[in-house]
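Below: one structure, written as structure tokens.
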Amino acid sequence: MYTIHGIAVSTGIGIGKARILKEVTLSVSKEDINPSEIEQNIDLFNKSIQTIISEIDEFIGAYHSRGDKKTAEKIKNQNTKKNLTEDESIIETHKMILLDPEFHKEIKRYISEERMNLEKALYTHFTKTIDYFNNLNNELYADRAVDYDDVYRRLLMRIKKIDTNLQDEIEEGDVAVLDDIPPSMVSPFHKKGIAGIALRRGTKTSHSVIIARALGIPIITGIKHSHKIHNEDVLIIDAKNGKIIGNPTTEIIVEYQILEDQINHEKNILSGFKEISATTADCELIQLFTNIELPFEIDNILDLNTDGIGLFRTEFFYLDRKNLPEEVEQYEVYKMIAKKLGDKQFTIRTIDIGGDKVANWFSPPKEENPYLGCRGIRFSLKNKTIFKTQLLAILRASVYGKVQIMFPMIASIEEFIEAKEVLEECKNELRKKNIDFNEAIPIGTMIEIPSAAINSEILAKHSDFFSIGTNDLLQYTVAVDRNNETIANYYNPYSPAFLQLMMRAILSAKKYQKPVSICGELGNDHNFTAFLLCLGVREISVGSQHILGLKKHIRSINIMKGIPFLEDIQKCETIKDTELFINRLNNICIHNTRTFLVT
Ligand code: PEP
Ligand code: MG
């Protein structure tokens with residue numbers, strides 16, 4: 001028996017036999033062609049494109065008609081309608097790459113003017129494109145490079161008439177072990193009934209990983225000691241904990257099989273909560289929103305039936321890249337998400353860089369305490385051009401949906417007013433250019449600094465809504481770095497001071513009849529849900545993976561029963577007191593027997 005560690009990028013347990021796969025090395029002929037061969041090469045190019053497009057259409061069609069029995073069964077069992085959409089959209093990306101007129105123009109120019117043979121023309125084009133994406137130094141763009149590489153390999157294999165498909169090498173119930181997997185290969189693997197995938201490379205956001213996760217295939221990336229694995233070894237993929245157990249004992253296999261059954265059972269139960277509302281046992285409707293960090297996540301959340309996106313962390317635009325994002329790039333992303341959400345709320349948080357999130361294109365003066373330095377709205381107000389670019393992009397996208405803007409790390413009313421003035425300047429610019437935007441776009445404050453919570457009444461007067469960032473509010477209240485594991489025991493949400501501040505902000509919002517949501521991790525801490533609802537919170541925003549569990553929990557809570565006891569929080573002097581209070585409140589409010597009673 002052996003254990004290998006990797007990176008946990010999905011959940012689930014997979015048990016099967018190891019199948020070590022090696023990618024085919026594709027050599028490229030570099031010989032130039034003579035004029036008489038031009039037409040033949042262009043013809044081969046057009047035909048290869050057409051064949052691959054038909055294959056893609058056939059694949060999408062098969063999905064729609066649920067032609068494949070096994071896939072259809074899995075879809076039914078795992079409720080993966082959303083996954084197909086996501087999977088499909090990635091396959092559509094490949095189609096877009098193949099149909100791009102600029103790509104066709106360039107290949108034909110290489111062939112007819114530079115006399116390159118088709119293989120060399122494709123090699124030249126794709127190497128240039130892949131290098132471009134890789135050099136942007138951004139994980140997201142590196143993932144796009146993988147898509148281009150996948151399309152390139154597929155085209156080249158067709159042209160060279162190489163027919164080795166990785167999926168032919170695997171059998172139902174195998175665990176595939178390989179360097180990386182092309183996105184187009186994940187669905188065929190799934191159709192074959194693969195038990196799991198172990199990759200030496202690949203990131204959390206790579207398309208292959210997104211598809212595998214969406215299809216419910218347990219997948220691990222970054223496995224370092226893969227040499228320990230031999231073909232036919234029995235492997236357990238513990239995707240949640242990012243580890244592989246090789247040749248486990250019978251006891252361990254049984255242990256994991258039980259765990260797997262439990263996970264599937266829970267998933268099946270939770271999937272029943274998609275179609276019903278987050279209504280408490282005493283009929284209060286709670287709005288559930290999702291937090292997202294990457295644009296692709298939108299496809300993941302649509303069929304969860306949430307009320308929209310409560311927090312879009314936009315830092316991905318700015319981190320891990322050498323240059324700043326332009327207005328149009330941001331606008332396209334906001335627009336795409338707003339359109340997909342339709343009439344559901346879409347809250348965009350303006351950039352929150354600084355602290356631990358440092359951008360490559362920016363060399364800030366060295367700060368002794370970056371968390372107390374130029375972070376969030378302070379950065380935006382000091383770098384107005386960057387701020388305005390983002391605001392203009394958001395404003396322009398606001399006509400496509402129910403977009404609202406939220407400012408992070410607001411510490412004072414002065415900052416909030418100044419940020420609103422910058423927004424007004426942006427609105428004026430758009431008015432002058434006759435560009436449409438939503439004049440009444442709601443502007444919210446993130447309450448995540450104690451001074452904002454203390455001064456929350458004045459902020460509530462000037463804001464359209466509040467969103468409480470409990471991660472930072474707790475960090476700044478108890479002065480504990482939220483990422484420092486050695487002092488994690490001091491980062492305790494039962495801190496009476498923290499809860500008092502949070503309550504103060506909630507009450508201020510209620511006083512001015514402004515919506516207030518919780519968007520930090522506390523929103524997903526079931527111990528606190530009854531307390532938050534009793535305080536009057538009716539909106540919670542959490543990561544998509546937590547939505548259904550939270551909905552189930554909310555449906556077991558009776559708010560009215562807890563309200564008479566709420567005052568007791570004022571008597572809590574210590575963390576222990578608060579724990580006892582929260583436990584008592586939960587015992588009073590929560591009835592686990594209620595699930596599907598009210599829709
Ligand atoms: C928070 O602080 O609670 C929050 C949601 O923002 P972030 O985690 O991005 O700092
Ligand atoms: Mg925060």
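Annotations
- Whichever residue in segment 392-424 is away from ligand 1 (no atom under 16 Å from the Cβ) and within 22 Å of the chain's Cα centre (by Cα) and, among such residues, is farthest from Leu473 (Cα to Cα): Tyr400
- Filter result for the condition that a residue is over 28 Å from the mean Cα position of the chain (by Cα) and either in contact (Cβ under 8 Å) with a residue 60 or more places away in the chain or within 16 Å of ligand 2 (Cβ to nearest atom) (or both), over Pro493, Pro450: Pro450
- Set side by side, the residues Ile454, Ile447 differ, and just one is in contact with a strand residue (DSSP E or B) (Cβ under 6 Å, 6 or more places away or on another chain) and aliphatic (A, V, I, L, M), which is Ile447.
- When the residues of segment 288-331 are filtered to those that are more than 16 Å from ligand 2 (Cβ to nearest atom) and among the hydroxyl-bearing types (Ser, Thr, Tyr), the one that is nearest to the chain's Cα centre (by Cα) is Thr290.
- Apart from one condition, Ser556 fits all of (1) surrounded by 18 or more Cβ atoms within 10 Å (Cβ to Cβ); (2) in contact with a helix residue (DSSP H, G or I) (Cβ under 7 Å, 6 or more places away or on another chain); (3) closer than 18 Å to Glu275 by Cα; the exception is (2).
- Of all the listed residues (Thr250, Thr280), the sole one being polar (S, T, N, Q) and surrounded by 21 or more Cβ atoms within 10 Å (Cβ to Cβ) is Thr280.
- Only one of the numbered conditions (1) surrounded by fewer than 16 Cβ atoms within 10 Å (Cβ to Cβ); (2) away from ligand 2 (no atom under 13 Å from the Cβ); (3) outside the structural domain of Met409 (by TED's automatic domain parsing) is not met by Asn483, and that is (2).
- Of the criteria (1) farther than 20 Å from Asp352 by Cα; (2) more than 16 Å from ligand 1 (Cβ to nearest atom); (3) outside the structural domain of Val399 (by TED's automatic domain parsing); (4) at pLDDT 95 or above, which one Ser463 fails: (1)
- Criterion applied to Gly246, Gly222, Gly272 was being under 25 Å from the mean Cα position of the chain (by Cα) and within 17 Å of Val175 (Cα to Cα), and the one residue passing it is Gly222.
- A search for C-beta distances below 7 Å between a residue of segment 514-528 that is near ligand 1 (Cβ under 10 Å from one of its atoms) and any residue that is aromatic (Phe, Trp, Tyr), counting only pairs 6+ apart in sequence or on different chains, returns Leu522/Phe528.
- Of all the listed residues (Ile417, Ile405, Ile394, Ile413), the sole one being modelled with pLDDT of 95 or more and within 14 Å of Glu327 (Cβ to Cβ) is Ile394.
- Test: residue in segment 505-512 that is within 30 Å of the chain's Cα centre (by Cα), within 16 Å of ligand 1 (Cβ to nearest atom) and surrounded by fewer than 16 Cβ atoms within 10 Å (Cβ to Cβ): no
- Any hit, segment 195-210, residues being modelled with pLDDT of 90 or more, outside any strand (DSSP E or B), outside the structural domain of Ile56 (by TED's automatic domain parsing) and surrounded by fewer than 17 Cβ atoms within 10 Å (Cβ to Cβ): no
- Restricting segment 354-390 to residues that are more than 16 Å from ligand 1 (Cβ to nearest atom) and of a type in the set (A, V, I, L, M), the residue that is modelled with the lowest pLDDT is Ile386.
- Residue tally, condition assigned to a loop (DSSP other than H, G, I, E, B) and either surrounded by fewer than 24 Cβ atoms within 10 Å (Cβ to Cβ) or of a type in the set (D, E, K, R) (or both), over segment 450-472: 2
- Flag if Ile269 is hydrophobic (A, V, I, L, M, F, W, C) and buried (at least 18 other Cβ atoms within 10 Å of the Cβ): no
- Qualifying residues in segment 513-527 (those that are surrounded by fewer than 22 Cβ atoms within 10 Å (Cβ to Cβ) and more than 14 Å from ligand 2 (Cβ to nearest atom)) - the one nearest to Arg584 (Cα to Cα): Asn527
The values are calculated or read from the model by the stated rules, or taken from the named source; none is laboratory data. Being a predicted model, the structure only gives us computed values, none of them experimental. Don't worry about glycine lacking a Cβ; one is built from the backbone with ideal geometry, like all the others, and counts go over all protein chains shown.
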